[in-house]
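Step one of this worksheet: look at the structure below.
The values are calculated or read from the model by the stated rules, or taken from the named source; none is laboratory data. Note that the coordinates shown come from a computational prediction; the quantities given were computed from them, not determined experimentally. Here the Cβ positions follow ideal geometry from the backbone for every residue, glycine too, while neighbour counts run over all protein chains shown.
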Amino acid sequence: MSVFKRFYQFLLREGKLRVDPSLNVEAPKISKGLPSILIEDEVSRLIESPDAKTTIGLRDRAMLETLYGSGLRVSELVPLKMNQVNLSDGVVRVMGKGAKERVLPLGEQASDWIAHYLQEGRPALLSGRLSDDIFVTNRGSAMSRQAFWNLVQKYVLVSGIRKKVSPHTLRHAFATHLLNHGADLRSVQILLGHADVSTTQIYTHVARERLKNLHQQHHPRG
């Protein structure tokens, strides 16, 4: 429809048409699919999959805790710098889409795991090298988005989750679980960094679907 409308506008400008036949034609509405959501038990299994007794596992646990604890985009998580995290206040400062800065709570679990990683994991990975990146590889460089995606896939297999999961799935879970536990839509919108509340509203549909499924499973007349 977009192509046709531009084509007819061109013909009008060129004097080939007197009336635009697409003027009153509305573009079809494409429904948005509901994002894949992990239930709280599945999130716990995924986050607890890394072996935190190893340096790499400790880093991965801290990353997963941060992703779910703050609802960050993976593009915001991977390049985090040391000066963006304030563990004493329990917050992380990120620059999201549209160069909009937001300060987000980390949560107690994520704060504790980041502190543990910074004390014991990161120095071992850096091996004396200097970096202002928080989450580094064993070569001392910042992790890429693709590398983190691969890590998530590994832990999905380890945890036995039989769903399609990506780093963004944890962001979806963050929003849905907040709504399930009584958070208001405007607060979730601010935490996610959505410019328009309509973008956030999809999670209310997800929460309703979850409640419907629970009702069907557990209500005697479901």
Within segment 191-222, can you find the residues that are modelled with pLDDT of 65 or more, of a type in the set (A, V, I, L, M, F, W, C) and assigned to a helix (DSSP H, G or I)? L191, L192, V197, I202
Taking the condition of being of a type in the set (S, T, N, Q) and in contact with a helix residue (DSSP H, G or I) (Cβ under 6 Å, 6 or more places away or on another chain), how many residues in segment 107-132 meet it? 1
How many residues, within segment 93-142, are without any contact (Cβ under 8 Å) to a residue 12 or more places away in the chain, loosely packed, with under 12 Cβ neighbours inside 10 Å, farther than 16 Å from G71 by Cβ and not aliphatic (A, V, I, L, M)? 4
For segment 145-194, enumerate the residues that are of a type in the set (G, A, S), over 21 Å from R102 (Cα atoms) and in contact with a Lys or Arg (Cβ under 8 Å, 6 or more places away or on another chain). S159, G160
Any idea which residue in segment 78-131 is nearest to I47 (Cα to Cα), counting only those that are in a loop (DSSP other than H, G, I, E, B) and of a type in the set (S, T, Y)? S88
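Evaluate the following for S44: is it on the phi < 0 side of the Ramachandran plot, out of contact with any Asp or Glu (no Cβ under 8 Å at 6 or more places or on another chain) and touching a residue at least 24 places away in the same chain (Cβ under 8 Å)?
For S44, the condition - on the phi < 0 side of the Ramachandran plot, out of contact with any Asp or Glu (no Cβ under 8 Å at 6 or more places or on another chain) and touching a residue at least 24 places away in the same chain (Cβ under 8 Å) - is not met.
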Give segment 165-189 a look and list any residue that's more than 14 Å from the chain's Cα centre (by Cα) and in contact (Cβ under 8 Å) with a residue 12 or more places away in the chain, or say none. L179, N180, L185
Considering only residues that are loosely packed, with under 11 Cβ neighbours inside 10 Å and touching a Ser or Thr at 6+ places or on another chain (Cβ under 6 Å), which ones fall in segment 1-26? none
Run M63 past the list (1) part of a helix (DSSP H, G or I); (2) at pLDDT below 95; (3) surrounded by 15 or more Cβ atoms within 10 Å (Cβ to Cβ) and report the number of the one that doesn't hold. (2)
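Within the bounds of segment 191-206, is there any residue that is in contact with a strand residue (DSSP E or B) (Cβ under 8 Å, 6 or more places away or on another chain), of a type in the set (D, E, K, R) and surrounded by fewer than 19 Cβ atoms within 10 Å (Cβ to Cβ)?
no
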Only one of these conditions is not met by A52: (1) small (G, A, S); (2) buried (at least 21 other Cβ atoms within 10 Å of the Cβ); (3) part of a loop (DSSP other than H, G, I, E, B). Which number is it? (2)
